[in-house]
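The values are calculated or read from the model by the stated rules, or taken from the named source; none is laboratory data. Since the structure is predicted, the reported quantities are computational estimates derived from the model, not experimental observations. We place every Cβ from the backbone using ideal geometry, glycine too, and count neighbours over all the protein chains shown. Areas reflect the complete protein model, heavy atoms only, side chains present, ligands, DNA and RNA absent. Shrake-Rupley method; radii C 1.70, N 1.55, O 1.52, S 1.80 Å.
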Amino acid sequence: MSAPSPGCSITLRVEAPVSIGVAGLLTTRVGEAGAVLTALDVVDSGPDRIMVDLTCDTVDGPHADAVAKALGDVPGVTVHKVSDRTFLMHLGGKLEVVPKVQLRHRDDLSRAYTPGVARVCTAIAENPEDARRLTVKRNTVAVVTDGSAVLGLGDIGPAAALPVMEGKAALFKQFAGVDAWPVCVDSQDVDEIVRTVELLAPVYGGVNLEDISAPRCFEIERRLRERLDIPVFHDDQHGTAVVVLAALHNALKVVGKDIRDCRIVLSGVGAAGNAIIRLLLPLGPREIIACGRNGAVHRLQEGLDADRQWVADNTNSEGFFGTLAQAVVGADVFIGVSAPNLLTGSDIAAMAERAVVFALSNPDPEVDPAAAARHAAVVATGRSDLPNQINNVLAFPGIFRGLLDAGASAVTDDMLRAAAGAIADRVAPEQLNAGFIVPSVFDPEVAGAVAGAVRAACA
């Protein structure tokens with residue numbers, strides 16, 4: 001499944017003897033080593049030697065080393081330096097604080113800081129609601145994690161999670177103009193995390209929980225929603241669920257099915273799976289069967305935590321007891337938010353005609369997308385190098401833009417469904433097809449449409 005990716009892009013500074021075919025020789029060696037050349041730049045030239053920068057996508061660190069070795073093995077060629085472009089992007093972090101006002105002279109300083117700022121402080125002390133109007137609170141979101149469930153890396157801790165949270169904050173700003181800041185908490189104790197966010201909340205207009213493992217994430221979200229007067233949103237739950245709902249809406253249009261007639265099988269009953277089920281149930285699907293590591297979740301199971309018990313009580317009305325592979329037989333829709341390589345192409349072949357498959361485990365899906373596409377009518381993944389990427393960036397920037405603009409104090413399922421509808425509607429009828437069921441993450445209109453839908457739902 002692994003393929004060269006911009007996420008592991010390298011630049012090799014290579015010195016080679018001058019000849020007519022030197023560029024072709026170097027690019028051929030890069031291709032033979034399994035990398036994808038994206039740029040060749042001449043940085044210096046002499047009468048008998050040439051220095052070039054070769055930029056290429058590789059699979060991982062060892063593959064990058066193999067590419068460098070393949071070039072270095074060419075007679076007369078010297079590899080002087082290999083630069084990892086991803087690490088270069090992260091040098092010094094990806095965020096900075098930039099003042100919105102200029103401090104050019106004493107008058108500016110007197111208004112932005114002492115003595116003038118004291119008047120603003122007094123106004124907020126007398127009317128705390130003015131903090132939304134007169135401070136960064138009106139446009140600022142805390143991106144909160146404990147580093148316990150980071151991407152596909154697992155429990156790597158808060159410091160190692162910081163690059164991801166920086167990236168999240170950058171996406172907030174890029175796509176919706178929201179000022180977000182990482183809050184990486186050095187604890188996995190629910191009480192400590194809740195209390196930490198509670199103490200920091202006066203600065204922020206919203207809280208985005210990120211990469212916190214289940215089931216603790218559910219309890220943290222519940223408590224914060226009870227205690228805070230600002231919206232609390234868990235992106236791994238609600239962001240994923242919103243984009244899945246949008247994509248499913250359009251996928252069912254493509255295959256000509258009504259959700260009320262659909263049997264939906266879902267793999268993964270953690271944060272994302274739970275939220276997807278909560279948004280799907282009011283739409284009235286014929287059946288939802290959720291599967292965990294031990295097969296289908298059902299009412300007769302013992303020892304379930306509260307959230308899995310809710311799933312058991314609200315799904316699988318047929319009382320199905322089997323495995324995931326058995327569950328997908330005859331199913332109209334498969335949604336995977338769990339682990340790689342759980343199903344085969346043969347399993348997908350056993351689904352209903354014109355089936356929909358969302359295999360969203362990242363980077364390696366629950367089923368090989370190529371194998372699934374031989375049998376299913378619509379296939380989506382979480383990968384950026386394949387069609388129909390289910391990407392949370394379609395949801396969370398616009399959702400928070402709408403929440404902040406509305407001065408909302410909470411997030412509701414109605415708001416989330418409105419956001420999903422806005423995303424789905426960004427794919428015009430004449431654009432809709434099996435390979436295009438959600439808009440591009442770079443569609444400049446998505447965040448604004450989602451924000452507008454959320455604002456309307458807040459009213």
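Rolling a 1.4 angstrom probe over the protein chains, ignoring ligands and nucleic acids, what is the accessible area of residue 304 in square angstrom, nearest 10?
50 Å²
Checking the a/c ratio against 1.5 first, then a/b against b/c, what shape does the Cα gyration tensor give for region 142-282?
Numbers: a/c = 1.92, a/b = 1.76, b/c = 1.09.
Taking the square roots of the gyration eigenvalues as a ≥ b ≥ c, region 142-282 is prolate.
What percentage of the solvent-accessible surface of the chain, computed with a 1.4 Å probe over protein heavy atoms, is contributed by carbon and sulfur atoms? Please report the intermediate quantities before stating the final value.
Working: 11610 of 21610 Å².
Carbon with sulfur: 54 percent of the solvent-accessible area.
What value, in deg cm²/dmol to 500, does the helix sum -39500 (n - 2.57) over DSSP H runs of n ≥ 4 give at 222 nm once divided by the residues of the chain? Mind dumping the intermediate values first?
On the way: 18 runs with 178 residues, N = 459.
The helix contribution divided over the chain gives -11500 deg cm²/dmol.
Below 8 Å, C-alpha to C-alpha, sequence gap of six or more: please give me the relative contact order for the chain in percent. If you can, show how the numbers build up before the last one.
On the way: 875 pairs, mean separation 52.1, N = 459.
After rounding, I find 11 percent.
Which whole-number value in Å² is the accessible area per residue of region 268-351, probe 1.4 Å? Don't jump to the answer; show the numbers that get you there.
Values: 3590 Å² over 84 residues.
That works out to 43 Å² per residue.
Note down the net charge around residue 4, summing +1 for each Lys or Arg and -1 for each Asp or Glu among other residues with Cβ under 12 Å from its Cβ. Provide the component values of the computation, followed by the final result.
Working: positive: none; negative: 57, 60, 385.
It works out to a net charge of -3.
Restricting the count to DSSP beta bridges whose residues both fall in the chain, what percent are antiparallel, rounded to a multiple of 5? Mind dumping the intermediate values first?
Working: 28 of 59 bridges.
Bridges in the chain that DSSP calls antiparallel: roughly 45 percent.
Hey, how many Å between the Cα centroid of region 154-170 and the Cα centroid of region 349-406?
23 Å
Could you order 63, 80 by accessible surface area, starting with the largest, using a probe radius of 1.4 Å?
80, 63
Given just the C-alpha atoms of region 64-114, how large is their convex hull per residue in cubic angstrom?
Details: hull volume 6.1 nm³, N = 51.
Taking only Cα atoms, region 64-114 has a hull volume of 119 Å³ per residue.
Roughly how many Å is it from the Cα centre of region 222-266 to that of region 177-201, as a whole number?
So the separation of the two Cα centres works out to 25 Å.
Treating only the Cβ atoms of Lys and Arg (+1) and Asp and Glu (-1) as charged, compute the dipole magnitude of the chain about its Cα centre; round to the nearest 20 debye.
940 debye
What are the principal axis extents of the Cα atoms in region 398-438, in Å, biggest first?
Here the spans come out as 38, 17, 13 Å, largest first.
Please compute the per residue accessible area over region 134-208 with all protein chains in place, 1.4 Å probe, rounded to a whole number of Å². Before the final figure, lay out the partial values.
Details: 3220 Å² over 75 residues.
With the other protein chains kept in place, region 134-208 gives 43 Å² per residue.
Which value, in debye to the nearest 20, gives the size of the charge dipole of region 11-92 about its Cα centre, when Lys and Arg are +1 and Asp and Glu are -1 at the Cβ?
60 debye
Where does each of 173, 81, 137 land when they are ordered by accessible area, with a 1.4 Å probe and the largest first? Can you show the working numbers first?
On the way: 173 105, 81 125, 137 20 Å².
From most accessible down to least: 81, 173, 137.
Sorted by average packing, counted as other Cβ atoms within 10 angstrom per residue and highest first, what order do 198-211, 393-406 take?
Top of the packing list down: 393-406, 198-211.
Per residue, what volume in Å³ does the convex hull of the Cα atoms of region 289-434 enclose?
On the way: hull volume 20.8 nm³, N = 146.
Per residue, the Cα convex hull of region 289-434 comes to 143 Å³.
Computed over the Cα atoms, what is the radius of gyration of region 7-159 divided by 2.2 N^0.38 Å, N being its residue count?
Output field value: 1.77.
Tell me whether region 75-153 comes out rounded, prolate or oblate; compute the Cα gyration tensor, take square roots of the eigenvalues as a ≥ b ≥ c, and use a/c under 1.5 as the rounded threshold. Intermediate values should be presented prior to the final figure.
Values: a/c = 6.06, a/b = 2.00, b/c = 3.03.
Cα axes put region 75-153 in the oblate bin.
Once amide H atoms are built 1.01 Å from N in the peptide plane, which residues 5 or more positions from residue 144, or in another chain, come under 5 Å H to H?
183, 208, 209, 210
As a test of reading the structure, rank 89, 351 by solvent-accessible area (1.4 Å probe, protein chains only), most first.
Values: 89 130, 351 15 Å².
Descending order: 89, 351.
Express in Å², to the nearest 10, the accessible area of residue 346 obtained by rolling a 1.4 Å probe over the protein heavy atoms while all chains stay in place.
Its heavy atoms expose roughly 90 Å² to the probe.
What shape does the chain have by the C-alpha gyration tensor, where a ≥ b ≥ c are the square roots of the eigenvalues, rounded means a/c under 1.5, and otherwise prolate means a/b greater than b/c and oblate the rest?
Values: a/c = 1.95, a/b = 1.09, b/c = 1.80.
The shape class here is oblate.
How big is Rg to Rh over region 230-325, alpha-carbon atoms, Rh as the Kirkwood inverse-mean-distance radius? The partial results should precede the final answer.
Numbers: Rg = 13.6 Å, Rh = 13.9 Å.
On the Cα set of region 230-325, Rg over Rh gives 0.98.
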